[in-house]
1. Given (1) crowded, with 19+ Cβ neighbours inside 10 Å; (2) on the phi > 0 side of the Ramachandran plot; (3) touching an Asp or Glu at 6+ places or on another chain (Cβ under 9 Å), identify the lone condition not met by residue 186.
2. I want to confirm something. Restricting to the stretch 93-106 and keeping residues that are in contact with a Ser or Thr (Cβ under 9 Å, 6 or more places away or on another chain) and of a type in the set (D, E, K, R), which single residue is farthest from residue 55 (Cα to Cα)?
3. Scan the stretch 142-179 for residues that are surrounded by fewer than 20 Cβ atoms within 10 Å (Cβ to Cβ), at negative phi and in a loop (DSSP other than H, G, I, E, B) and jot them down.
4. Given the criterion more than 30 Å from residue 132 (Cβ to Cβ) and either in the same structural domain as residue 169 (by TED's automatic domain parsing) or under 14 Å from the mean Cα position of the chain (by Cα) (or both), identify the matching residue among 70, 92, 117.
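The values are calculated or read from the model by the stated rules, or taken from the named source; none is laboratory data. Small disclaimer: the values here were computed from a predicted structure and weren't measured. Positions of Cβ are generated from backbone atoms using ideal geometry, with glycine treated the same way; all protein chains shown enter the neighbour counts.
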Amino acid sequence: MADWDALNAELDTALDSMTHEDWLQWKNMSIIDWELHQKLMQKKSKMKKFKSTKLFDGYSACFRQWRAEDTHCKFLHGYAVSFRVWFEGDLDHRNWVFDFGGMKRAKTQIAGMSPKDYFAWLLDHTTIVSVDDPYLKTFEQMHEDGIIQLRILANVGCEKFAEHLYNVINIFLLQETEGRVKATKVEVYEHERNSASYGE
């Protein structure tokens, strides 16, 4: 029977100075007491993390929310769209949570593009409609005729844009940083007065 009091004391001491690299080494040990491993997981989830934010702006997108039948949001309308990402995690060897220029220098891609290029593909001079828009065929024809750059998402609106970006950015970060960093929130701005966010 393991001396759990001694193990817990040892674990508490180790966690005080544990780095991400230490955690990876410990996590990958071939033999480890299961209860100790579970306690480590619980303690790690409560450890304080560094945080940083980055604003992505300069986009110009047009969209409509066809279900908003009683408002003018059912019409096509455009905004100078921007979004902010909140990053959280351990510091890297440069003492950064995440490289602010990392979206263009990343090795990991989103939909076959660098994250920076993907954001521009999605939001810059585009028309975004939902997959169930009754006029989807019309928009598709306009795209084929070179009148618009059509982007189709499951749902449209600041809240849903924030959710979409949160999901794709976290999938990207999981691979790019090997789990060291995550996005805890994404906030999408129509302009300085209107925004919506999605996250923890």
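1. Among (1) crowded, with 19+ Cβ neighbours inside 10 Å; (2) on the phi > 0 side of the Ramachandran plot; (3) touching an Asp or Glu at 6+ places or on another chain (Cβ under 9 Å), residue 186 violates only (2).
2. That would be 105.
3. Scanning the stretch 142-179 gives 145, 147, 148, 149, 154, 155.
4. Details: 70 fails: more than 30 Å from residue 132 (Cβ to Cβ); 117 fails: more than 30 Å from residue 132 (Cβ to Cβ).
The conditions single out 92.
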